[in-house]
Amino acid sequence: METSLRAAAYVTTLAVAWNLAASAFGLDPSPPALQLLRTMALGALLPYAGAAAVRASRRTQPPDLSAPLRAWRLPLPAPGFRAGERDLLLSPSPTGARPWRAPSLRARALKHALFPLLPTFVVFRASQVIGFGGFLGEYHLYGLSRWATNLALHWAVSMIALTCWAAAWRVLAEAVSLLGALIGPRAAHRSRRGAEIAAAVAYYAGVPVVLGLMFLH
C-alpha cells in the first residue's frame, strides 16, 4: 500500500515536471497556476500523506518475528523484509548499505518550503516591476490582499516547480544507488553517498543557475 501511494505521488510529480519542462521550452502552453495546485494537491500531496500515515501505523504494530523473513528485491519504499503476510520497514539495508534515514521535518521544511522563497521573490519582484512599475506597485493600486495573494500564489508555484526539480534528481539518484547495490555492499555505500551529494548540489545550485539563465535570455 505504501509503495503504491508513493509511486502515485512520484508519477504525478514527474508528469507535472515534464509538463513544466515542455512549457519552458515552448513545446506546450504554460499550465494555469491553480491547475498546478490542484493536480499536485490531489495527485501528489494526498497520496504522499497517505503513505506517511501507513508507515506510522506500521510502527505501532509489533512484527511477527516468528515468520520467515525474505528480503525485498527492491528497497521500495525503503529497505525492508516480508514476514509472512506483513511487510517490515527496517533500517538495515539487505544489500549491505548504511542504515536508511528519512529526512527530518526541519530538512524537509528547508528544502520544500523555505528554499523556494529564493525564486519566489526573484520572479515575483520581476513581475511586479514589469506589470506595476515597482515591487509594491500592485499593493498601491489594488491593496494588500491582492498583493499578498499574488505573492502566495508565486510561492506555491515555486514550491511545485522545485518539488518537480527535486523529484527528477531523486529518480536519477535512486537509479544510480540501485545499480551500486546490485554490485555489492561497498559499491552500494559509495554510490548512495555520491548520488545523494550530487542530487543535493544539483537541487540547491541548479536553481540560481536556472534563474540566471532565465533573466539573461
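Between ALA21 and ARG186, what FRET efficiency follows from the Cβ-Cβ distance if R0 is 45 Å, with the result rounded to 0.05? Write down the numbers at each step before the final one.
Details: r = 36 Å, r/R0 = 0.79.
Taking R0 as 45 Å, the efficiency between ALA21 and ARG186 is 0.80.
Projecting label points 7 angstrom from Cα along Cα→Cβ for ALA53 and VAL171 puts them 2.8 nm apart.
How much length is gained on full extension from SER104 to ARG193, taking 0.36 nm per residue of separation minus their Cα-Cα distance?
On the way: separation 89, 0.36 × 89 = 32.04 nm, distance 1.76 nm.
Additional length available on full extension: 30.3 nm.
Each value in this text was obtained by applying a stated rule to the coordinates, not by laboratory testing. From a predicted model like this one, the values you see are computed outputs, not experimental measurements. No Cβ is skipped: glycine too gets one built from the backbone with ideal geometry, and neighbour counts run over all protein chains shown.
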